[in-house]
Amino acid sequence: MSVNKILFIGLSSVGDVVMTTPVLKSLQDKFPEAMFDIVVDKRGTGLYKNYPRLDKLYLKDKDLPLRGVPALLLQLWKNRYDLIVDVRTDGLAYLLRAKKRYTKWFAKSYGPHAVEDLMGVIARLHGNNPIPDTSVWPSDVDREYAEKVISQFDNKNKLLAISIGDNRKPEKTWPIEKFIELLNKHHDDFSGVIFLGNSFEAEETLDVARKININNINTVGNSLLEAAALIEKACLYIGPDSGLGHIAGAVDTPTISFFSLMKPERYRPWGKKAICISGSENDARNIPVEEVSAAIRRTIDE
């Protein structure tokens, strides 16, 4: 069967979007002439905009009636697809026109990790081939932005990227006092710190930045692809279990991720450069500074 047009129905959160990218990579390798329409919600649009095989993005607006499904159907019904690959599976794939559909209802997981589970949706296509790496697609403009940001640092090979964490989720977030202690303990190991994150960690980030003796820059509030370009320049990323950790894995930067309620064996950043540290009683606030310090040392020594 000739495959030229694929509809990919993706997931919502930043981390989940990144973890679906091996599915896209497998499909584009198998069908090198195919272009992709992608269904995504507001949080994921920025990650897909530079995807090289993208034809059109379709927004699923959950604030609309019936979580936006009727409005989305009206947009998609006119299209005919060779394949629909639905890693969300809320039934949308079966309401649209396609020669073939692959959904979670008939998936065969490759293993316990979420990436292995998502790849199971296309197991009949992918076969026993190795699972691809995750991906993000910063533009040249994003990378120029990152170069400009890090130009203030003398040594650009020893930069540490950090996300303090969303203050709405305290059990997932390491205390700022521990961040301050850790960074001051390792001030000779890094030439600078790049602070990343969203508006819900802005106040805590400012507090940490004021109390450390390492040159640093605050980029909280930048776009996800600008953050990806900055993390790409870092020798290490440290932060909570969040989308930025998965972005770090996708740009091949070593990560130290703090886990609380979620299981690292399922949700750790994909790849071989992730160190996951879980807090006792499912609370990242209980992770000792010494344990994170030892993880930094292991990463530096490798």
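Every read-out reported here was derived from the displayed coordinates using simple, explicitly stated rules and does not represent laboratory data. Remember, it's a predicted structure, so these values are computed and weren't measured experimentally. FYI the Cβ positions are ideal-geometry reconstructions off the backbone, even for glycines, and counts take in every protein chain you see.
Key figures for this structure:
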item	result
5 angstrom amide H check on K5, placed H, neighbours 5+ away	M35, D82, L83
Computed E for S135/M1 - FRET, C-beta separation, R0 22 angstrom, nearest 0.05	0.30
The range 159-219 and the range 1-24: distance between their alpha carbon centers, rounded to Å	33 Å
Gain on full stretching of the segment that runs from N157 to L74 - 0.36 nm per residue minus C-alpha separation	24.9 nm
Largest-first principal axis extents of the Cα set of the range 137-239 (Å)	36, 31, 18
√(5λ) per eigenvalue of the Cα gyration tensor, the range 5-126, largest first, Å	20, 16, 15
Residue-count net charge about T103 - beta-carbon cut-off 10 Å; Lys, Arg +1, Asp, Glu -1	+1
Radius of gyration, Dmax [the range 114-193; alpha carbons; angstrom]	19.1, 51
Segment K49-R285, length gained on full extension (0.36 nm per residue, minus Cα span)	81.4 nm
Extension gain from A294 to K99, taking 0.36 nm per residue of separation minus the Cα-Cα distance	64.9 nm
Segments 74-87, 113-126 sorted - mean Cβ within 10 Å per residue, highest first	113-126, 74-87
Considering only the range 5-126, percent of DSSP beta bridges that pair antiparallel, nearest 5	0 percent
Overall dimensions of the chain by Cα: Rg and Dmax, Å	20.2, 61
For peptides 163-175, 288-300, sequence by mean Cβ density within 10 Å, most packed first	163-175, 288-300
